[in-house]
C-alpha cells in the first residue's frame, strides 16, 4: 500500500509542471517543438497552450534577467508572432525621440517588441497623472496606433 501511494505521489508531481496552461509539452507536435527550440535555444520555463484556431502559444523566459517572451507557432512549425519584454533603454532612438516629442509629461511603463509577418513594432505603455495610454510605434518611430488604457 505504501508503494502504491508513493508511486501516485511521484506521478502527480511529475505531471504538474508540464500541465501549466492546459497543454503538456508532450502534447505539442514535434514540428512545433523543433521550430521553437531552433528559434529560441536559450528558452526556459516554457508554458504551452493550444489556441482555438489550432495554433500553439508558448510563454517563456530568456536571458540572465529572465525577460518574458511569448510566441505563437502554427501546427506546421511557423513562428507567426513573437513578443519580447524590453526595457525602455532598448527602444530604437527614433521611438524614444517620438515619445519625447508627442508624449511629453508621460513616463514609459512597459515596453514590448512585437514581430509578426516580417514587421517589427513596439508597444509602449505610457503613464501620466492625467491617464495612461498605450501606443504602437514602427521601428522608424512613427505612431501606428494609440489609445487610452
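The values are calculated or read from the model by the stated rules, or taken from the named source; none is laboratory data. Keep in mind that what you see is a predicted model, and the values were worked out from it rather than measured. Glycine also receives a Cβ, built like all others from the backbone with ideal geometry; neighbour counts cover every protein chain displayed.
Values for this structure:
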read-out: Test for residue 140: is it farther than 30 Å from residue 25 by Cα, part of a loop (DSSP other than H, G, I, E, B) and either within 15 Å of the chain's Cα centre (by Cα) or without any contact (Cβ under 8 Å) to a residue 12 or more places away in the chain (or both); value: no
read-out: Number of positions in region 79-113 that are within 16 Å of the chain's Cα centre (by Cα) and either part of a strand (DSSP E or B) or surrounded by 15 or more Cβ atoms within 10 Å (Cβ to Cβ) (or both); value: 12
read-out: Top-ranked residue in region 59-78 [being touching a residue at least 24 places away in the same chain (Cβ under 8 Å) and under 20 Å from residue 110 (Cβ atoms); ranked as surrounded by the most Cβ atoms within 10 Å (Cβ to Cβ)]; value: 71
read-out: Candidate set: region 1-33, residues that are part of a loop (DSSP other than H, G, I, E, B) and either within 15 Å of residue 81 (Cα to Cα) or out of contact with any helix residue (DSSP H, G or I) (no Cβ under 7 Å at 6 or more places or on another chain) (or both); chosen: the one modelled with the lowest pLDDT; value: 20
read-out: Which listed residue, of 36, 60, is over 23 Å from residue 133 (Cβ atoms), at pLDDT 95 or above and touching a helix residue (DSSP H, G or I) at 6+ places or on another chain (Cβ under 9 Å); value: 60
read-out: Among the residues listed as 76, 125, 57, 146, the single one being under 30 Å from residue 26 (Cβ atoms) and part of a strand (DSSP E or B); value: 57
read-out: Test: residue in region 129-144 that is touching a strand residue (DSSP E or B) at 6+ places or on another chain (Cβ under 8 Å) and loosely packed, with under 13 Cβ neighbours inside 10 Å; value: yes
